[in-house]
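The values are calculated or read from the model by the stated rules, or taken from the named source; none is laboratory data. No experiment lies behind these values; they were computed from the predicted model shown. Backbone-built Cβ (ideal geometry, glycine too); neighbour counts: all protein chains shown. Accessible surface is based on the protein model in full, side chains and every heavy atom, while ligands, DNA and RNA are left aside. Shrake-Rupley method; radii C 1.70, N 1.55, O 1.52, S 1.80 Å.
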Amino acid sequence: MRRRTGLAMAGVAALAWGEWLNRRWSRTLVGDRGGTSEAVVVLGYRNPRPTANLINRWRVRAGIRSVTADRAHDTRVIFSGGAPVGHVAEARVMADYAKSVLGFEGTVLLEDRSATTWENITNVIPLIEDADRIKIASQPAHALKARAYLRRQRPDLAGRLVRADDYRPGEWMVGKPLLALYGLWSLRGLEPEERKATR
């Protein structure tokens, strides 16, 4: 009985830790800038099939729900991700899912050459540099990494970063401890101020 109680408490603690860390990452390196135009960048994940996989489907939904309702007509959604050899680009797969399955009718742009997160940011800069507000949608740790890369590549755009709707309490709850562990590993190359800066 005591062992089961201990395991249950450890499980609850792991879930709470995963929630807390993902929430914190979603609020790091973002501000609350206003403005009329908005760009939402949705980062792709390895997708060797012609239809969106589970992770890309979730990222597309997070990107679409990140469109601010009162700015919808001034918002562009940019799907970013290249193609493994012989496959359809992640950007195209995500855009197809957004339009055909989710029924998204807003402005969509594709960046279909990137193979890494660094390249995602490099290649979307020409598509976002005139936007008043910039959102990056992915799993929170991955989006944080991309925001840090934007700060490095174009510090003048960093002040336009605002929070995407890619964290919601309870969503992916069971997987969040694993996402948190993976996030800690993937963010190890960031500068201390990039990991600690919060608003």
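Does ARG152 fit the bill of being of a type in the set (D, E, K, R), under 18 Å from THR28 (Cβ atoms), open to solvent by 60 Å² or more (accessible area, probe 1.4 Å) and free of Cβ contacts under 8 Å to residues at least 12 places away in the same chain?
When the stated conditions are applied, ARG152 passes them.
Output yes when any residue across segment 34-48 is closer than 21 Å to LEU187 by Cβ and assigned to a helix (DSSP H, G or I), and no when none is. Give the steps one after another, and end with the answer.
Here is the first cut: in segment 34-48, the ones closer than 21 Å to LEU187 by Cβ are 41-46.
So of that shortlist, the ones also assigned to a helix (DSSP H, G or I) come out as none.
Among the residues of segment 34-48, not one is closer than 21 Å to LEU187 by Cβ and assigned to a helix (DSSP H, G or I), which makes the answer no.
Select from segment 14-25 the residues that are of a type in the set (Gly, Ala, Ser) and more than 14 Å from LEU181 (Cβ to Cβ) and list them in ascending order.
Of segment 14-25, the ones of a type in the set (Gly, Ala, Ser) are 14, 16, 18.
Answer for segment 14-25, where residues must be of a type in the set (Gly, Ala, Ser) and more than 14 Å from LEU181 (Cβ to Cβ): just ALA16.
Find the residue count for segment 155-183, including only residues that are surrounded by fewer than 13 Cβ atoms within 10 Å (Cβ to Cβ) and part of a helix (DSSP H, G or I).
Within segment 155-183, residues that are surrounded by fewer than 13 Cβ atoms within 10 Å (Cβ to Cβ) and part of a helix (DSSP H, G or I) number 3.
Being under 16 Å from SER100 (Cβ atoms) and either assigned to a strand (DSSP E or B) or in contact with a Ser or Thr (Cβ under 8 Å, 6 or more places away or on another chain) (or both) is the filter here, so list the residues in segment 60-81 that pass it. Working first, answer last.
Keep residues of segment 60-81 that are under 16 Å from SER100 (Cβ atoms), which gives 60-61, 63-64, 77, 79.
Passing the criteria: VAL77, PHE79.
Taking segment 86-111 as the search range and keeping residues that are touching a strand residue (DSSP E or B) at 6+ places or on another chain (Cβ under 8 Å) and of a type in the set (D, E, K, R), which one is nearest to THR68 (Cα to Cα)?
Kept after step one, since they are touching a strand residue (DSSP E or B) at 6+ places or on another chain (Cβ under 8 Å), are these residues of segment 86-111: 89-92, 94-95, 98-99, 104, 106-111.
Next cut, of a type in the set (D, E, K, R) only: 90, 92, 99, 111.
On the way: GLU90: 24, ARG92: 23, LYS99: 18, GLU111: 22 Å.
Restricting to residues being touching a strand residue (DSSP E or B) at 6+ places or on another chain (Cβ under 8 Å) and of a type in the set (D, E, K, R), the top hit is LYS99.
Filtering segment 121-149 down to residues that are more than 12 Å from the chain's Cα centre (by Cα) and of a type in the set (Ser, Thr, Tyr), which residue is surrounded by the fewest Cβ atoms within 10 Å (Cβ to Cβ)?
Applying the filter and picking the extreme gives THR122.
Select, from LEU109, LEU127, LEU54, LEU21, the only residue that is modelled with pLDDT of 95 or more and over 16 Å from ARG160 (Cβ atoms).
Values: LEU127 fails: over 16 Å from ARG160 (Cβ atoms); LEU54 fails: modelled with pLDDT of 95 or more; LEU21 fails: modelled with pLDDT of 95 or more.
That would be LEU109, the only listed residue that is modelled with pLDDT of 95 or more and over 16 Å from ARG160 (Cβ atoms).
Anything in segment 84-118 that is charged (D, E, K, R), in contact (Cβ under 8 Å) with a residue 24 or more places away in the chain and either part of a loop (DSSP other than H, G, I, E, B) or open to solvent by less than 60 Å² (accessible area, probe 1.4 Å) (or both)? List them, or say none.
GLU90, GLU111, ASP112, ARG113
Does GLY81 meet the test of being over 20 Å from VAL162 (Cβ atoms) and either under 15 Å from the mean Cα position of the chain (by Cα) or surrounded by fewer than 16 Cβ atoms within 10 Å (Cβ to Cβ) (or both)? Give the steps one after another, and end with the answer.
Working: over 20 Å from VAL162 (Cβ atoms): yes; either under 15 Å from the mean Cα position of the chain (by Cα) or surrounded by fewer than 16 Cβ atoms within 10 Å (Cβ to Cβ) (or both): yes.
The answer is yes for GLY81.
Filter segment 59-115 for residues that are more than 18 Å from SER138 (Cα to Cα) and among the β-branched types (Val, Ile, Thr) and give the result.
VAL85, VAL88, VAL101, THR107
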